[in-house]
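The values are calculated or read from the model by the stated rules, or taken from the named source; none is laboratory data. Only a predicted model underlies this, so the values are computations on that prediction, with no experimental measurement involved. Using ideal geometry, Cβ is built from the backbone for each residue, glycine included, and neighbour counts are taken over all protein chains shown.
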Amino acid sequence: MAILVTGGAGYIGSHTVVELQNADYDVVVLDNLSNSSEKSLKRVERITGKPVPFYRADILDKAALDRVFEKENITAVIHFAGLKAVQESVRKPWEYYNNNITGTLTLIQSMREHGVKNIIFSSSATVYGTPAQVPVTEETPKGACTNPYGWTKSMLEQILQDIQYADREWNVILLRYFNPIGAHKSGLIGEDPSGIPNNLMPYITQVAVGKREELGVFGDDYPTPDGTCIRDYVHVMDLAAGHVKALKKIEENAGLCIYNLGTGKGSSVLEVIHSFEEATGIRIPYSVKPRREGDVPENYANVEKAYRELGWKAQCPGLKEMCADSWRWQSQNPNGYGE
Ligand code: NAD
Ligand code: UD1
């Protein structure tokens with residue numbers, strides 16, 4: 001009996017494989033390596049001391065998926081595989097809808113044909129759009145997304161809900177991640193974006209390591225205490241632990257469940273910069289730039305439901321620790337998994 005982790009070579013996937021193996025789950029990873037390196041899995045093996053069976057395959061390739069389900073005794077799928085670069089999705093909507101939606105439909109088809117009806121899906125806080133009120137609960141109405149990437153998450157949530165409604169043998173857990181940062185304490189695995197980072201923390205760590213000159217802060221005139229946007233930064237190892245809890249929920253035949261995974265605490269861009277500086281002693285030069293299109297002023301999670309129903313709560317004590325962990329990974333691997 002094994003858990004199939006699609007996109008398991010990626011940032012959140014690799015950390016989740018560590019937690020799954022530490023919890024004694026047998027894991028099989030499937031990834032096309034379009035945004036990752038197999039080296040992450042070699043590092044996972046070093047951390048856990050266990051082999052990570054790996055299939056280099058695409059979720060759009062039904063025959064390849066079928067082969068995995070035929071060969072391995074898969075009981076549940078944790079589905080990370082997907083494209084996630086917001087700006088790129090605006091330029092390449094077809095590629096995003098095809099990869100994320102057709103890919104997931106193909107995966108579901110293969111799952112059905114092999115009698116596997118348990119899935120945990122990587123959703124995002126982006127499905128809330130611009131929330132009328134924070135913190136957002138799972139009952140907060142979903143909003144209009146500002147880009148095709150966000151719509152793929154929102155649409156896939158709907159598709160998975162409809163599939164579960166039509167066939168109650170399915171267990172579907174939608175995990176809405178807030179802003180994952182940090183890395184495994186070993187510094188062996190972490191976030192390795194290709195090209196110029198879109199997200200705040202990898203940009204900061206690349207400035208700190210000398211790969212970029214300065215950080216642009218996208219807007220300081222938002223209606224927040226220091227004028228910069230507020231987000232809920234959550235340690236990637238806490239997120240990873242959330243997936244182990246979600247698997248337990250699936251084992252209880254929970255049907256359809258939706259959970260926010262965040263800390264419940266919002267931090268501004270300036271607070272992140274200052275925490276990083278305090279944690280590392282490195283100054284991050286920055287200048288204020290115009291607002292980034294599609295940014296919402298404030299988004300952070302109400303995390304009570306995940307605690308009540310999964311017994312999950314973020315354990316990392318705060319931003320400083322998360323920054324220190326991001327930095328350990330980046331400083332030990334200035335070029336990520338590259339040479
Ligand atoms: P990532 O890019 O590091 O990992 C995604 C993995 O999926 C990569 O290894 C990539 O090679 C693989 N992949 C992409 N398309 C594939 C395909 N067609 N077939 C097989 N493999 C494919 O991203 P991540 O940050 O680890 O995110 C994991 C998931 O969580 C994604 O679905 C992402 O949208 C979602 N998510 C991420 C964040 C975040 O801030 N990182 C926030 C919310 C949701
Ligand atoms: C973004 C995406 C979201 C996606 C998530 C994970 C948008 C509008 N949202 O979330 O859909 O799920 O990434 O991939 O793109 N910032 C800077 N300078 C930078 C980078 C970021 O000031 O160089 C600011 C942003 O304006 C934002 C905050 O830092 O206020 C966090 O940004 P980011 O890490 O990109 O996450 P989100 O915008 O929350």
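The table below gives the values:
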read-out	value
Residues of the range 179-204 that turn out to be under 17 Å from Leu319 (Cα atoms), among the hydrophobic types (A, V, I, L, M, F, W, C) and not in a strand (DSSP E or B), as a count	4
Residues within the range 76-108 that are farther than 15 Å from Val172 by Cβ, assigned to a helix (DSSP H, G or I) and in contact with a helix residue (DSSP H, G or I) (Cβ under 7 Å, 6 or more places away or on another chain), tallied	9
Single residue of Tyr203, Tyr233 found to be within 14 Å of ligand 1 (Cβ to nearest atom), under 21 Å from Ile284 (Cα atoms), of a type outside the set (S, T, N, Q) and surrounded by fewer than 21 Cβ atoms within 10 Å (Cβ to Cβ)	Tyr203
Qualifying residues in the range 129-186 (those that are within 19 Å of the chain's Cα centre (by Cα) and polar (S, T, N, Q)) - the one nearest to Val244 (Cα to Cα)	Asn179
Inter-residue pairs, beta-carbon under 6 Å, first under 19 Å from Glu139 (Cα atoms) and in the range 168-183, second part of a loop (DSSP other than H, G, I, E, B) and among the basic types (Lys, Arg), 6+ apart	none
Residue count for the range 116-141, restricted to those that are within 14 Å of ligand 2 (Cβ to nearest atom) and buried (at least 17 other Cβ atoms within 10 Å of the Cβ)	12
Contacts under 7 angstrom Cβ, first residue in the range 128-149 being closer than 17 Å to Lys305 by Cα and away from ligand 1 (no atom under 15 Å from the Cβ), partner assigned to a helix (DSSP H, G or I) and aromatic (Phe, Trp, Tyr), 6 or more apart	Thr140/Tyr128
One residue from Val90, Val44 being more than 9 Å from ligand 1 (Cβ to nearest atom), touching a residue at least 24 places away in the same chain (Cβ under 8 Å) and surrounded by fewer than 18 Cβ atoms within 10 Å (Cβ to Cβ)	Val90
Residue among Leu41, Leu83, Leu105, Leu30 that is closer than 24 Å to Ala246 by Cβ, at pLDDT 95 or above and within 16 Å of ligand 2 (Cβ to nearest atom)	Leu83
Some residue of the range 208-220 being more than 16 Å from ligand 1 (Cβ to nearest atom), surrounded by 21 or more Cβ atoms within 10 Å (Cβ to Cβ) and in a helix (DSSP H, G or I)	yes
Hey, Glu293 surrounded by fewer than 21 Cβ atoms within 10 Å (Cβ to Cβ) and either of a type in the set (Phe, Trp, Tyr) or outside any loop (DSSP other than H, G, I, E, B) (or both) or not	no
Residue satisfying condition, being surrounded by fewer than 23 Cβ atoms within 10 Å (Cβ to Cβ) and within 11 Å of ligand 1 (Cβ to nearest atom), within set Ser194, Ser186	Ser194
Residue in the range 163-178 that is within 13 Å of ligand 2 (Cβ to nearest atom), at pLDDT 95 or above and part of a loop (DSSP other than H, G, I, E, B) present	yes
Hits in the range 252-289 - residues which are part of a strand (DSSP E or B), of a type outside the set (Ser, Thr, Tyr) and under 30 Å from Glu309 (Cα atoms)	Leu256, Cys257, Ile258, Asn260, Leu261
Those residues of the range 294-324 which are on the phi < 0 side of the Ramachandran plot, within 16 Å of ligand 2 (Cβ to nearest atom) and not hydroxyl-bearing (Ser, Thr, Tyr), in sequence order	Asp295, Val296, Pro297, Glu298, Asn299, Ala301, Leu319, Met322, Cys323
Some residue of the range 317-339 being within 16 Å of ligand 1 (Cβ to nearest atom), under 22 Å from Val127 (Cβ atoms) and in a loop (DSSP other than H, G, I, E, B)	no
